[in-house]
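Down below is the structure, laid out as C-alpha cells.
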2 protein chains.
Amino acid sequence: LTSATWGRFDVGQLSQRIDALGEIGALPTGGLFRGLYDDAWAAAVDQVEEWMRQDGLVTRRDAVGNLYGRVEGRESGPCVVSGSHIDTVRSGGKYDGALGIHAAMAAVNALVADHGKPRRTIEVLATAEEEGSRFACNFFAARAIVGQVGADEPERIADPQGVTIAQAMRQRGLDPSRISEARRDDIAAFVELHIEQGAILEAEGIPLGVVDTITGQRVWHVRLTGRQDHAGTTPMDMRADALAGAMEIAGRAREKAIAMGRPSVATVGRIAVQPHQTNVVPGVCDFTIDARHSDTVRRRELVDYIESTMKRVAAERGLGLESRVVQEHDPVPMHPLVCAAIEESIAEMGVRSLVMPSGAGHDSEIMASRFPAGMIFVPSRDGRSHSPDEFTPIEQIVPGVEALARTLFRLAY
Amino acid sequence: LTSATWGRFDVGQLSQRIDALGEIGALPTGGLFRGLYDDAWAAAVDQVEEWMRQDGLVTRRDAVGNLYGRVEGRESGPCVVSGSHIDTVRSGGKYDGALGIHAAMAAVNALVADHGKPRRTIEVLATAEEEGSRFACNFFAARAIVGQVGADEPERIADPQGVTIAQAMRQRGLDPSRISEARRDDIAAFVELHIEQGAILEAEGIPLGVVDTITGQRVWHVRLTGRQDHAGTTPMDMRADALAGAMEIAGRAREKAIAMGRPSVATVGRIAVQPHQTNVVPGVCDFTIDARHSDTVRRRELVDYIESTMKRVAAERGLGLESRVVQEHDPVPMHPLVCAAIEESIAEMGVRSLVMPSGAGHDSEIMASRFPAGMIFVPSRDGRSHSPDEFTPIEQIVPGVEALARTLFRLAY
C-alpha cells in the first residue's frame, strides 16, 4: 500500500457522505438524534445500505438490525470486521459512531480497488445501538453479536414514551424472540475508527491515537440525608447539611483523581438538593460520581478511596448514606495483535501516533469480550463531543482512514 | 402581677385555640398553608376576629387586611401593639406567626381580668402577610403599617397562578389604591412573641429568649460558566468544571462562617447544574448563597469575604461569573427600652433568659424602622420550623405569655 493508493480513495465522496448522514435525524434546535429503531435511525440504515451496495458490498441485516456489507474473501474462515454505531445521543454530532462506518466503507473501497478480493472476508458493520439514548440498553447491538443481551431486556426496557424495545423492534419488522440469531462466532478481528471525544491528541499535536485499553468505570448514585434546617436560625455547628457532605465527598474524589494523574478521572455530573430553597439548609442531597481509570489496579485504588471517603464523611458529619453502584466494569484491553497491526500501519505512513486509553466506552469493549479488537482515534476539535459542536476536519480524518485501510490489509490480505 | 394572676389566664383555651387555628389551611399531605388572601387565610382571620370579640376586644381591619383587636386605654395617645402574622409558609406548622397572635390575646385577657382598663390603649395585631409564600412580597403587612409598600407592588407581583396582589385584594373586598391608609404613626411600642425556629434555647436549656437584633443578610444568585466536557475523555487538568468551582466557593463561605463563630451563617440552599448528566462535566452551575450576621461590621466582613472568594475562585478556575444580590439588609437592632422591659419582666418571674439575635426575619424588623420594637422567643423543639414538625409544648409557651403580659403591663399600665 503506497500513498498513490489514495488516488483511488475518493475524499470528496467521504466528505459528502459524512454531511449527508449528518442530515438524517437533524433537529431544528441543532445537532441530531437517531434513537434505536426510530424513523431517523431507519432512514440512516437505509442510506448506508444503499451506499454499501453502490460500493459493491453484499448487504444483510441481522436479528437486531445491525447492517453488514460484505466483501467475500478467497478463503473460508472467520472474517475481519470494521465499523461503528449508527445511533446518536440526543443533540449529538455527525462524527460519533458514524465516522467509523464511513471510514470502514472508504477503506474497503480503496483496498478492493487496489488489491482486489481479500484473502479473508471483510465486513463493514453499522451497529444498531451503542449510546443508550432512546432505551437504557447501551451496547445493545454489540451485545447481541457477542450473545450478551438478557432475555428480559426487549420487554423490560422502555423509552421515555413507554414503548418497549420489543414493540419498537416489531415496528421495524424485527422479531425480539430471535435476538440470539445475531450472535457470531466467526469474527477474526474487529477494528473501530472513532473520534477521540477528548482533546488530548489536539493538545499534543499528534494526528492519530491507538487505543490500548478502554477505561474501567464505576458510577454511583449517592443519597446523603441530613436535617432540613432554617438557614438563619441554625448555627453552623448545629447543622447536618447534606449538600456540605456531598461537596466534601466530591471535592476529595476530584483531588484524588488529580493526584493520581492522567487518565484518572472523577466527575460529579448530577446533583440535586431538597427542599431546594434559598433559606433552608439542604436535608437531602442526591448526586452521581463517575470514576474511571484504564488500569485495573489503579481503578480499584480510585474506587476504594471514593467508597471509603463517602463512608467516612457521612459518619463524621452525622449524615445518612445510601449509595448504589449503577455501572461497573474493569478496564478492557484491546488485543495486542490488533494494536500492533494498527501501530505498524501508522508507522509505515510516517505519521506520529499516541498509544492511549479511551476514556469513553465503545462497541469495541463489548466485541473484545469474544474477539480480538482494536481502535484508531482521530482528533476531536476542542475535545467537543455529544454536542452539535462535534467536529473533525476532513484532513484529520483521511490519515485515520488510511491507517484503517492499512490495518485491514494486514489482517485480511 | 403575681403568679396568682395566671389563675385568670385559661391555659386550656390557649391550647385549644392553637390547635383550632392550626386546622385552618391544613393540607392533606401534612402541614398547613395560608397564603395571603386565599380562602384559608380569610377563614383564619375570621376565626381570630371572632375570638377577639369573645375576649371583649373591639376589632377592625385595615386597608391590607391586618386585623386589630383593641382595648381602649384611660389616656389618649399612641398605643402599645402586640402580635404577629397569620399567614404561613407552604407545608408549615401551627406556631410560626400564629403563636404571637395567640400569646397577645391571652396576655391581654389576663391583664384586663386582673388590672382592668390600661392607661395606654393596647392592640392585638394579626398581620396579614410576612412569609412571602403566596406572593414574593415579604413583610407586605408590616410594610403597609410603616408606609413602605411600593406603589407598583399590587399590580406587579403575581402568585404562581398569575393572580396579582391587586386582584387578590379585590376578591377580599380590599381596594389596592388605599394601601397607604394602613400606615400608622400612633404606635408607642410593638412587642412580638415568636418561636425561635432554631435550637439554641433548647440546647442551652433556657426557657426564654430576648431578641436584641434581627440578623443582617445578603443573598446572592450565582452562575458559574465553565465548559461542558465528556466525563471520560477529558483529563482533570483540561476541565473547566462549573460545579467544582461552586463547591469551592460554597466550602470556603461555610468555613469562613464557622471560623467567625455564632451567629455567623452561610448556606447554599439551591444548586443546579447543566446539562445534569452523569457522564458530562457540568458546564453551568447556578446556586444561591445566604449569608447572615447580626453585627453590622461582622456582616460586612462575611459578605466581603464571600464576594472576593467568588471572584478569586472563578478567575483561578477560568470560569465565567455572574452574581446578583437579591436580598440585602443590615442587622436591625430591637429597641433598648423594649428589650429592657422584656428582660426585667422575665427576671421578675425568676426565669432564665438568653439575650440573642434572631437569625430569621420577623415583622418586628419592619416595625422597628418606625416604632420601638422588641421580641420574645420561646423554644422550638429540635429547632424545627417551616415544617409540619414545628412544635413547642404548652408548658414552654406559658412562660412566654407571662413574660409578654408583664412586658405589656410595664409598657401600657
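The values are calculated or read from the model by the stated rules, or taken from the named source; none is laboratory data. Computed from a predicted structure; not experimentally measured. When we count neighbours, we look across all protein chains shown, and the Cβ atoms used for this are built from the backbone with ideal geometry, even at glycine.
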Looking at the stretch B:187-201, which of its residues are within 10 Å of chain A (Cβ to nearest Cβ) and either under 12 Å from B:Ile342 (Cβ atoms) or of a type in the set (D, E, K, R) (or both)? B:Glu196
For residues that are in a loop (DSSP other than H, G, I, E, B) and at pLDDT below 95, scanning just the stretch A:364-389, find the one that is surrounded by the fewest Cβ atoms within 10 Å (Cβ to Cβ). A:Asp389
Which listed residue is in contact (Cβ under 8 Å) with a residue 12 or more places away in the chain, closer than 23 Å to A:Glu255 by Cβ and at the interface with chain A (Cβ under 9 Å from one of its Cβ atoms), from B:Ala253, B:Ala246, B:Ala240: B:Ala246
Within the stretch B:172-233, strands (runs of 3 or more DSSP E) holding 1 or more residues that are within 30 Å of A:Ala291 (Cβ to Cβ) and at pLDDT 95 or above: B:216-225
Filter the stretch B:212-235 down to the residues that are facing another protein chain (nearest Cβ under 7 Å) and among the small types (Gly, Ala, Ser), then identify the one that is nearest to the chain's Cα centre (by Cα). B:Ala231
Restricting to the stretch B:130-171, what's the tally of residues that are more than 16 Å from the chain's Cα centre (by Cα), part of a loop (DSSP other than H, G, I, E, B) and closer than 27 Å to B:Val191 by Cα? 4
Restricting attention to the stretch B:88-117, the residues that are under 16 Å from the mean Cα position of the chain (by Cα) and free of Cβ contacts under 8 Å to residues at least 12 places away in the same chain number exactly 0
Restricting attention to the stretch A:261-268, does a residue exist that is touching a Leu at 6+ places or on another chain (Cβ under 8 Å), facing chain B (nearest Cβ under 10 Å), under 30 Å from B:Gly132 (Cα atoms) and β-branched (Val, Ile, Thr)? no
Considering every residue within the stretch B:287-306, establish whether at least one is hydroxyl-bearing (Ser, Thr, Tyr), closer than 30 Å to B:Asp237 by Cα and within 14 Å of chain A (Cβ to nearest Cβ). yes
Spot the failing condition for B:Arg299; the list is (1) surrounded by fewer than 21 Cβ atoms within 10 Å (Cβ to Cβ); (2) in contact (Cβ under 8 Å) with a residue 60 or more places away in the chain, and only one is missed. (1)
Residues that are out of contact with any Leu (no Cβ under 7 Å at 6 or more places or on another chain), free of Cβ contacts under 8 Å to residues at least 24 places away in the same chain and closer than 19 Å to A:Val281 by Cβ: does the stretch B:272-295 have at least one? yes
